[in-house]
Every structure is written in C-alpha cells, then in structure tokens.
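Following: one structure in structure tokens, then a few remarks.
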Amino acid sequence: MPKVALLSRVKAKEGQGDDLIAAFRPLFDLVEEEPGTLLYALHRSRDDPDLFWVCELYADDDAFAAHRNSEALAAATPALANFIAEAEFIVGEPVSAKSTPA
C-alpha cells in the first residue's frame, strides 16, 4: 500500500503568521504520538511571512485517516482557523525523495 503525501498551501490572515505558527505548536506535539505520521513539517515563505506550506507523509491510507479523524486535529482546527485566510490541499503519493522516512 503506498504512502500518502499531503501538501498544503496556507495563507495566514495579514500580519498573523507568527500567531499561526503558535497555533500549530500543540499539533506538532500530538502528531509525535501518531505512529503512522512519518513527516509533519511547517515551512514559511522567505518572501511573505504570512505564507506557509505544510508537508505531511503518512505510512498508508489508514494512518492518514487516523490523523484526519484524530482528537488532536479536531482540537487544533478551531485555533488554526482563527489565523487562516485561505488554504488549499493536494493529496498524492511520494514518487521520489531524498531522506524520506521509512
């Protein structure tokens, strides 16, 4: 069964990039406890402090579903939504990467 990759482009409300980072912090602690979550990374644009990409990698569809239906995500969603102006998501599977987690 292939791994599941999710790439999200997230635009914070104007001037609230740092607040969005702070809202993500508790979620990072919680995904550490999800065995099927292989990678969960937040990246900030150098050119726009309110623009972010989230890269996620899951062991399989079941691990992705477990994350999406987790209490951790349900608890974090309202806090994140306070700071997000817009977001788009692409779900796929890895094709090639350097240092991809096992």
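Values for this structure:
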quantity	calculated
Conditions (1) in a loop (DSSP other than H, G, I, E, B); (2) open to solvent by less than 40 Å² (accessible area, probe 1.4 Å); (3) free of Cβ contacts under 8 Å to residues at least 24 places away in the same chain: number failed by Y40	(1)
Of the criteria (1) charged (D, E, K, R); (2) in a helix (DSSP H, G or I); (3) under 14 Å from the mean Cα position of the chain (by Cα), which one E56 fails	(2)
Selected residue [among the acidic types (D, E) and touching a Leu at 6+ places or on another chain (Cβ under 6 Å)] from E88, E33, E56	E56
Filter result (of a type in the set (A, V, I, L, M) and in contact with a helix residue (DSSP H, G or I) (Cβ under 7 Å, 6 or more places away or on another chain)) within the range 32-51	L42
Test: A66 is in a helix (DSSP H, G or I), open to solvent by less than 40 Å² (accessible area, probe 1.4 Å) and of a type in the set (G, A, S)	no
All positions within the range 6-37 that are under 11 Å from the mean Cα position of the chain (by Cα) and open to solvent by less than 30 Å² (accessible area, probe 1.4 Å)	L6, S8, V10, F24, L27, V31, T37
Some residue of the range 83-90 being open to solvent by less than 50 Å² (accessible area, probe 1.4 Å), over 13 Å from L6 (Cβ atoms) and of a type in the set (D, E)	no
Residue pairs meeting the criteria (Cβ under 9 Å; at least 6 apart or on separate chains; first within 11 Å of L30 (Cα to Cα), in the range 63-86; second outside any helix (DSSP H, G or I) and open to solvent by 40 Å² or more (accessible area, probe 1.4 Å))	A72/E33
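The values are calculated or read from the model by the stated rules, or taken from the named source; none is laboratory data. Since the structure is predicted, the reported quantities are computational estimates derived from the model, not experimental observations. Neighbour counts are summed over all protein chains in view; Cβ atoms, including those assigned to glycine, are modelled from backbone coordinates with ideal geometry. To get the accessible areas, we keep the full protein, side chains included, count just its heavy atoms, and leave off ligands, DNA and RNA. Shrake-Rupley method; radii C 1.70, N 1.55, O 1.52, S 1.80 Å.
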